Amino acid sequence: MTYWRETLLPASFRNVDFFINSSDDEMGRRTVVHEFPMRQNPYVEDMGFITRKIAFSAYVIGKDYFDKRTALENALNEKGSGTLIHPYYGSILVALSSPVKVQHTAENGGMCIFTLEFVRVDSDSKSQVSAKPNIAHQLTQKSNSLFDKIEAKLAKALQLDGMIAHVHDKVMGFAGDCLTKFENTASMVTKPLTKIENMAHANTGLAHSFVDSFRSAGEQKSPQTYLAATKELPKIEVPDFAGTSTLAIKKSEKALETATKELCVVSSMQSLVNYIPETRQEAKIIRKNLVFLLDELSFDANDEFFQKLIELRVLAMRQLAENLGKVPQVLMVTHQKARTALDISWFYFADISAESNMASRNDIEHPGFLPAGVNIEVVNNA
């Protein structure tokens, strides 16, 4: 039988031996807790693994402990990562994460204690690759996933299965009206709705056809075109008391109204993948309108759908912020004294990239002399 003590390895760092009695390691995942009004449960955003930390007190002992101490100090002072032989985890590539404390006491003569804290690394710092998350890809994937969620939610909310042809015709007509309003506002052509053949499964049939029309709407436009379409939708009120057919029609129309708004908002966020705002002011308006409509949708959403919306919102805001870096900065300036274009460019942007087009943009004859008291439009394309 092999006892656990026999499996422990002698501790060392960069081939310098030492002893340890215990080790405190830190592991897990990084999370951010988002709390929202009128929501009992928070949304927990997963940010990936935390930095793996290994902390312990190492000591060297014996008549020659001064030599052992110096050897360990030299190993700890070397640049970059090194191999730690951990008694419990074996060989690990690590780097120091905090200053080393070295303790000598008269009480513990013949021994030196090191307080160490390492972080686990995957490879040597010279060969590490700096990775940037592909926000556009994540945004596209999350949007497609939410399209599926909207389709499932719509199929559950429609009231068509087993109903008479009159109910089907009314609801199909309303669905067509929703698509027409979207086409007219967004200047896009959607795929025609598929005629429902199986009356027993009309809910899933219409839901799939309706969502598929949005998926196939062609080239994506500005986020604003999708958001504007939500304002043109009819407002459906479901009566408290009505006949079976009337109630089925109104509930189905309300479900289609909600689904159209959700599809427009999701399409708007998905379009940010390829859309660069013309100005920073336009980006602010897009962000404001998106946040407003997402809050409106989230109010009546169940917890699962609400969480999906929040995840998509986080990615959309990151994508918008990334796109914002590609937007030229435009300023209107007026100076009391004549200045050169080069001087103005450096004064406002700390570079000279805005100087090149300042004269032509403002219809000035010579960039070396920009007159005083005149509004000058300055654009930084750097």
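The values are calculated or read from the model by the stated rules, or taken from the named source; none is laboratory data. Note that the structure is a prediction, hence the values are computed from the model and not measured. Quick reminder, even Gly has a Cβ in these numbers, built from the backbone with ideal geometry, and neighbours come from all protein chains shown.
Looking only at residues of the stretch 58-83 that are within 27 Å of GLY28 (Cα to Cα) and of a type in the set (A, V, I, L, M), we find that the one that is surrounded by the fewest Cβ atoms within 10 Å (Cβ to Cβ) is LEU76.
Scanning the stretch 197-216 for residues that are at pLDDT below 80 and surrounded by fewer than 20 Cβ atoms within 10 Å (Cβ to Cβ) turns up GLU197, ASN198, MET199, ALA200, HIS201, ARG215, SER216.
Conditions (1) in a helix (DSSP H, G or I); (2) closer than 30 Å to PRO133 by Cβ, marked per residue:
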site: THR246; (1), (2): yes, no
site: LYS261; (1), (2): yes, yes
site: GLU278; (1), (2): no, yes
site: LEU309; (1), (2): yes, yes
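Taking (1) part of a helix (DSSP H, G or I); (2) at pLDDT below 90 in turn, ASP122 satisfies each apart from (1).
Among the candidates VAL265, VAL291, VAL238, the residue that is surrounded by fewer than 16 Cβ atoms within 10 Å (Cβ to Cβ) and within 20 Å of the chain's Cα centre (by Cα) is uniquely VAL291. With respect to THR105, determine if the residue is among the hydroxyl-bearing types (Ser, Thr, Tyr) and over 43 Å from the mean Cα position of the chain (by Cα). Yes, satisfied. Any residue at all in the stretch 42-57 that's closer than 30 Å to ASP300 by Cα and surrounded by 15 or more Cβ atoms within 10 Å (Cβ to Cβ)? Scanning the stretch 42-57, I find at least one residue that is closer than 30 Å to ASP300 by Cα and surrounded by 15 or more Cβ atoms within 10 Å (Cβ to Cβ), so the answer is yes. Would you check if there is a residue in the stretch 18-25 being in contact with a Ser or Thr (Cβ under 6 Å, 6 or more places away or on another chain) and not small (Gly, Ala, Ser)? Scanning the stretch 18-25, I find no residue that is in contact with a Ser or Thr (Cβ under 6 Å, 6 or more places away or on another chain) and not small (Gly, Ala, Ser), so the answer is no. Taking residues in the stretch 89-114 that are at positive phi, and partners anywhere that are part of a loop (DSSP other than H, G, I, E, B) and surrounded by 11 or more Cβ atoms within 10 Å (Cβ to Cβ), the pairs with Cβ atoms closer than 8 Å and at least 6 places apart or on different chains are GLY90/LEU9.
Within the stretch 32-54, none of the residues are of a type in the set (Phe, Trp, Tyr) and within 14 Å of LEU116 (Cα to Cα).
Tell me whether the stretch 168-188 contains one or more residues that are within 14 Å of SER267 (Cβ to Cβ), in contact with a Gly (Cβ under 7 Å, 6 or more places away or on another chain) and modelled with pLDDT under 80. Scanning the stretch 168-188, I find at least one residue that is within 14 Å of SER267 (Cβ to Cβ), in contact with a Gly (Cβ under 7 Å, 6 or more places away or on another chain) and modelled with pLDDT under 80, so the answer is yes. Being outside the structural domain of THR260 (by TED's automatic domain parsing), modelled with pLDDT of 70 or more and assigned to a helix (DSSP H, G or I) holds for only one residue in ASP295, ASP363, ASP343, and it is ASP343. Of the residues making up the stretch 241-262, those that are surrounded by fewer than 24 Cβ atoms within 10 Å (Cβ to Cβ) and closer than 20 Å to LEU139 by Cα are ALA259, LYS261.
Among the residues in the stretch 101-109, are any in a helix (DSSP H, G or I) and modelled with pLDDT under 90? No, the conditions are met nowhere in the stretch 101-109.
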